[in-house]
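**Student:** Please read through the structure below; I'll follow up with questions.
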Amino acid sequence: MTRGGVTGEPALGPPPLRLLVPAVVAGVFVALPLLGLVLRSPWERMPTLLADAAVREALWLSVLTATVATAVCVVLGLPLAWTLARTEHRGRSVVRGLVAIPLVMPPVVAGVALLAAFGRTGLAGAYLLDAGVTVPFTTVAVVLAHTFVALPFFVLSAEGALRSASSEYDAVAATLGADRWTTFRRVTLPMVLPGLAAGMLLAWARSLGEFGATVTFAGNYPGTTQTMPLLIYSVLQDDPPAAYALSLLLVGASVLVLVLLRDRWLGQVRAR
Amino acid sequence: MTTHRTSAGHDTGGGLHARVRVERPGHVLDVTLDAGPGEVLAVVGPNGSGKTTLLRCLAGLQRLHGGRLTWGDRVWEDPGSRVRVTAAERQVGLVPQDLRLFPHLTALDNVAFGPRCRGERPAAARRRAREWLEVLGVGELSGRRPDQLSGGQAQRVAIARALAAEPSLLLLDEPLAALDPGVAMTLRLELARHLAAYDGVTLLVTHDAVDALTLAHRVVVLDEGRVVQDGAPAEVARRPATEHVARLVGLNVLRGRSRGTLVTLPGEAVLATATEHDGPVVVTFPPTAVTVALEPSAGSARNQWPGRIVSVAPHGLAVRVHLDAAGGVLADVTAESAGRLGLTPGREVWAAVKATETTVRAESFGTMPTHRPPLP
């Protein structure tokens with residue numbers, strides 16, 4: 001019995017080829033484009049690109065809007081997730097379905113829908129215009145677009161985290177005299193915090209890569225709405241090598257954030 | 001250790017008056033229960049008899065469909081007049097079976113949680129929490145998180161947490177079931193002391209006859225959602241109303257058919273009894289009333305049954321012998337005689353029962369489940 005363990009041979013025998021071969025193909029398929037970016041990028045132009053004002057603006061705007069959108073997702077999405085996980089009402093499955101729609105919606109359609117709601121003649125946009133507020137084609141529009149597409153990622157993963165933190169803890173807290181808000185603040189929230197980190201990461205990553213809804217609803221204005229994906233697309237038209245380098249830069253930035261967060265948060269999760 | 005405080009904040013006057021009705025698909029819980037301050041009630045019954053549902057109703061974690069719940073002259077719940085006091089406002093301490101210590105808080109902060117919610121300042125709440133951890137004998141573990149506590153330690157912290165909130169009603173759901181026998185025994189003794197010092201009402205759900213007999217003033221027997229017996233522990237142990245409780249307290253339970261004072265048991269065994277019955281009966285007697293011999297004793301052949309030893313195991317200071325006589329009988333003999341007679345599994349022996357130690361009841365014993373498979 002231990003002999004198999006020593007040689008590393010799986011106890012149930014080697015994995016079947018018809019599973020192993022597609023698995024290898026999948027791995028190569030994911031790795032190849034990344035490899036292409038790394039090998040085709042003009043590395044020597046990286047310093048000049050990084051010094052370029054338009055690039056720095058776009059990078060900053062991307063990080064800023066993704067972070068703000070993630071914060072909005074938490075502030076609005078966490079209460080929504082709690083409502084879905086902890087209350088019983090008939091409309092719950094309807095709300096859950098509604099929240100999930102942006103997941104399956106083409107981003108361009110999401111942008112069009114946002115125009116229909118917040119555009120100058122939109123449902124809410126008309127009133128906003130009367131109040132002197134214009135949303136479309138501003139940085140606020142970028143954040144709205146990002147929030148719209150990223151919210152389901154956060155809400156669904158937060159709801160999962162809330163469900164796995166059993167409501168029996170809420171019950172015990174109630175017998176100890178805690179009202180529901182106190183229970184949420186002092187019991188539920190600390191327990192689900194590691195789970196929320198995963199949802200925030202998903203929302204942030206989705207937001208960082210957002211293109212379709214942004215370009216439709218917010219436009220492509222350098223300095224106010226041109227995020228990295230939009231800049232990369234623009235540059236690709238007449239200077240593909242520069243687009244490679246910028247793409248690599250964006251991948252690098254998101255991987256960097258991932259690694260930093262992993263050490264900070266996921267490290268704590270593992271320590272628990 | 002008589003440091004238990006009786007606080008000004010909690011109301012021990014009045015006691016509990018509960019008529020609880022909950023309807024679920026397939027079963028109904030319909031229970032009436034009264035308990036005065038300082039009283040400890042053990043709630044026993046088979047799985048699915050409604051014990052935990054009853055606790056949840058009293059705690060305010062499950063809505064009543066009918067009945068009325070009052071503490072003293074305060075109405076906790078009355079579905080008829082749409083009155084309901086939430087769990088947070090009832091001052092009920094709950095120790096659920098799986099404890100549910102808050103995993104992100106230290107033992108100290110777990111115990112301080114209740115006082116904090118009742119409005120005490122953090123420092124005062126922690127001071128009180130420390131006192132309760134000391135009372136439960138786990139003061140030195142105050143800085144640990146629940147996953148760093150053993151089962152017994154966690155149980156003590158959970159009890160401390162419930163008591164620190166100064167409940168009027170303390171609900172313990174099988175507090176000793178998950179513990180090693182040695183740990184359970186120690187904690188049982190301490191729990192008896194804490195409950196004696198506690199001036200509220202305690203309800204203790206248990207599957208262990210020893211808990212019911214040593215900790216409780218009264219035993220409430222539930223069966224299929226109803227109270228089938230409510231009495232002093234000794235009385236319930238002597239004359240259990242259900243087969244479940246009879247087995248729980250370790251009595252032999254045999255079914256037979258009685259004609260006059262003669263009961264015919266499975267395997268042609270005959271039992272002469274002191275009381276007259278006609279028809280199907282259930283006979284109970286303690287294992288200590290059974291003697292085991294290698295040969296039938298001279299004289300009356302009644303109340304002596306041949307059988308084979310199925311198993312032999314230590315039981316307290318005695319040795320418990322399981323025989324297949326009369327459909328299955330437990331006998332407690334001294335270790336000395338077990339050795340002298342050579343009582344080992346497979347051995348053919350004779351079991352004798354003193355008629356005066358048996359209790360015979362008509363099969364109306366009523367609430368016995370009819371779907372139970374025949375005894376081996």
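**Student:** Expected output is a single nm value to one decimal: the length gained when fully extending between A:Leu260 and A:Ala117, i.e. 0.36 nm times separation in residues minus the C-alpha distance. What is it?
**Tutor:** Computed gain between A:Leu260 and A:Ala117 is 47.8 nm.
**Student:** Restricting to DSSP H runs of at least four residues, report the calculated mean residue ellipticity at 222 nm for the protein assembly as shown, -39500 (n - 2.57) per run over all residues, nearest 500 deg cm²/dmol.
**Tutor:** Result for the protein assembly as shown, helices only: -14500 deg cm²/dmol.
**Student:** Turning to a different aspect of this structure: Using a simple charge model, +1 on the beta-carbon of Lys and Arg, -1 on the beta-carbon of Asp and Glu, nothing else, what dipole does the protein assembly as shown show about its Cα centre, in debye to the nearest 20?
**Tutor:** 360 debye
**Student:** Just to be sure I follow: if Rg is taken over the C-alpha atoms of region B:181-331 and Rh is the Kirkwood radius over the same atoms, what is Rg/Rh?
**Tutor:** Checking Rg against Rh, the ratio lands at 1.04.
**Student:** What nm distance separates the two modelled labels at A:Val28 and B:Ser297, each placed 7 Å from Cα along Cα→Cβ?
**Tutor:** For the pair A:Val28/B:Ser297, the computed spacing is 8.9 nm.
**Student:** So, one more: Using only the heavy atoms of the protein chains and a 1.4 Å probe, how would A:Glu57, A:Glu168 rank by accessible area, largest first?
**Tutor:** The most accessible residue leads, giving A:Glu57, A:Glu168.
**Student:** For A:Val94 and A:Tyr221, FRET efficiency with R0 = 25 Å and r from the beta-carbon atoms, rounded to 0.05?
**Tutor:** Computed FRET efficiency for A:Tyr221 and A:Val94 comes out at 0.10.
**Student:** Could you grab the relative contact order for chain B? Cα pairs under 8 Å, six or more apart, rounded to a whole percent. Each step should come with its number before you reach the end.
**Tutor:** Working: 795 pairs, mean separation 57.3, N = 376.
This gives 15 percent for chain B.
**Student:** What is the mean number of Cβ atoms from other protein chains located within 10 Å of the Cβ atom of each residue in peptide B:94-105, rounded to a whole number?
**Tutor:** For this peptide, the per-residue mean of nearby foreign Cβ atoms is 5.
**Student:** Under a 1.4 angstrom probe, counting protein chains only, how are B:Glu120, B:Glu23, B:Glu268 ranked by accessible area, largest first?
**Tutor:** Final ranking, largest accessible area leading: B:Glu268, B:Glu23, B:Glu120.
**Student:** What nm value, rounded to one decimal, do you get for the distance between A:Trp60 and B:Ala274 when each label is placed 7 Å out toward the C-beta?
**Tutor:** Spacing of the two 7 Å Cα→Cβ label points: 9.9 nm.
**Student:** Let me ask something else. Can you give me the convex hull volume of the Cα atoms of the protein assembly as shown, divided per residue and expressed in Å³?
**Tutor:** Output value, Cα hull per residue: 265 Å³.
**Student:** Taking only C-alpha pairs under 8 Å that are 6+ residues apart, what is the relative contact order of chain A in percent?
**Tutor:** Relative contact order of chain A: 28 percent.
**Student:** I would also like to ask the following. For region B:249-254, just list the computed ³J(HN,Hα) in residue order, Karplus coefficients 6.51, -1.76 and 1.60, θ = phi - 60°, integers in Hz, with x standing in for Gly and Pro.
**Tutor:** Karplus values, whole Hz, x for Gly and Pro: 7, x, 7, 6, 10, 10.
**Student:** In whole angstrom, how far apart do the alpha carbon centroids of region A:202-250 and region B:202-248 sit?
**Tutor:** Computed from Cα coordinates, the inter-centre distance equals 72 Å.
**Student:** If you don't mind, there's one more thing I want to ask. Once the Cα gyration tensor of chain A is diagonalised, what are the square roots of 5 times its eigenvalues, in whole Å and ordered largest first, as equivalent ellipsoid semi-axes?
**Tutor:** Whole-Å semi-axes of the equivalent ellipsoid: 35, 33, 18.
**Student:** Between B:Pro266, B:Pro146, B:Pro240, find the one with the highest GNM mean-square fluctuation for chain B; connect C-alpha pairs within less than 10 Å.
**Tutor:** Among B:Pro266, B:Pro146, B:Pro240, the largest mean-square fluctuation in the Gaussian network model of chain B belongs to B:Pro266.
**Student:** Mind jotting down the three principal axis lengths of region B:104-234 based on Cα atoms? Whole angstrom, largest first.
**Tutor:** 47, 32, 26
**Student:** Name the residues whose placed amide hydrogens come within less than 5 Å of the amide hydrogen of A:Asp239, ignoring near sequence neighbours (fewer than 5 apart) on the same chain.
**Tutor:** Amide H to amide H, under 5 Å and 5 or more residues apart or across chains, A:Asp239 pairs with nothing.
**Student:** Normalised by the residues of region B:251-362, what does the relative contact order come to in percent, with Cα pairs under 8 Å and at least six apart?
**Tutor:** Reported relative contact order: 33 percent.
**Student:** With just the Cα atoms of chain B, tell me how far they stretch along each of the three principal axes, in Å, largest first.
**Tutor:** 78, 49, 33
**Student:** For region B:294-345, build the convex hull from the C-alpha positions and give me its volume per residue in Å³. Please report the intermediate quantities before stating the final value.
**Tutor:** Numbers: hull volume 4.2 nm³, N = 52.
So the per-residue Cα hull volume is 80 Å³.
**Student:** OK, next. Considering chain B as a Gaussian network with a 10 Å cut-off on Cα pairs, which listed residue, B:Leu222, B:Leu317, B:Leu61, attains the greatest mean-square fluctuation?
**Tutor:** Looking only at B:Leu222, B:Leu317, B:Leu61, the biggest GNM fluctuation is shown by B:Leu317.
**Student:** What distance in nm separates the simple spin-label points at A:Ile101 and A:Leu35, each placed 7 Å from Cα in the Cβ direction?
**Tutor:** Going by the 7 Å Cα→Cβ label model, 4.3 nm.
**Student:** Any chance you could get the radius of gyration and Dmax over the Cα atoms of region A:79-222, in Å?
**Tutor:** According to the Cα coordinates of region A:79-222, Rg and Dmax are 18.1, 56 Å.
**Student:** Moving on. Just read off the accessible area of A:Trp204 with the full protein assembly in place, 1.4 Å probe, to the nearest 10 Å².
**Tutor:** Accessible area of A:Trp204: about 30 Å².
**Student:** Further question: Using only atoms on other chains, find how many Cβ atoms lie within 10 Å of each Cβ of peptide A:176-187 and report the average. Spell out each step's value before the answer.
**Tutor:** Working: counts 20, 17, 8, 5, 2, 0, 4, 2, 0, 0, 7, 6.
For this peptide, the per-residue mean of nearby foreign Cβ atoms is 6.
**Student:** State, in angstrom, two size descriptors of region A:1-85 derived from its alpha carbons: Rg to one decimal place and Dmax to the nearest whole number.
**Tutor:** Looking at region A:1-85, its Cα Rg and Dmax stand at 23.7, 64 Å.
**Student:** Here's another thing I want to ask about it. Suppose accessible area is computed on protein heavy atoms with a 1.4 Å probe; arrange A:Ser93, B:Ser311, A:Ser247 from highest to lowest.
**Tutor:** Highest to lowest solvent-accessible surface, that is A:Ser93, B:Ser311, A:Ser247.
**Student:** Over all residues in B:158-170, what is the mean tally of Cβ atoms on other chains that come within 10 Å of each residue's Cβ?
**Tutor:** 1
**Student:** Below 13 angstrom from the Cβ of B:Glu174, what's the summed charge of the other residues (Lys, Arg +1; Asp, Glu -1)?
**Tutor:** Summing Lys/Arg as +1 and Asp/Glu as -1 gives -2.
**Student:** Top mean-square fluctuation among A:Val55, A:Val28, A:Val63, Gaussian network model of chain A, C-alpha springs under 10 Å?
**Tutor:** Sorting by GNM fluctuation, first place goes to A:Val28.
**Student:** Kirkwood hydrodynamic radius, region A:1-149, all distinct C-alpha pairs: what's the number in Å?
**Tutor:** 20.9 Å is the Kirkwood radius here.
**Student:** Continuing with this model, one more query. Can you tell me the FRET efficiency between A:Val75 and B:Glu235 if r is taken as the Cβ-Cβ distance and R0 is 45 Å, rounded to the nearest 0.05?
**Tutor:** Values: r = 61 Å, r/R0 = 1.36.
It comes out at approximately 0.15.
The values are calculated or read from the model by the stated rules, or taken from the named source; none is laboratory data. All of these numbers come straight from a predicted model, not from anything done at the bench. Here Cβ is always computed from backbone atoms with ideal geometry, including for glycine, and neighbour counts include all displayed protein chains. These accessible areas exclude ligands, DNA and RNA; they are computed on the full protein's heavy atoms, side chains included. Shrake-Rupley method; radii C 1.70, N 1.55, O 1.52, S 1.80 Å.
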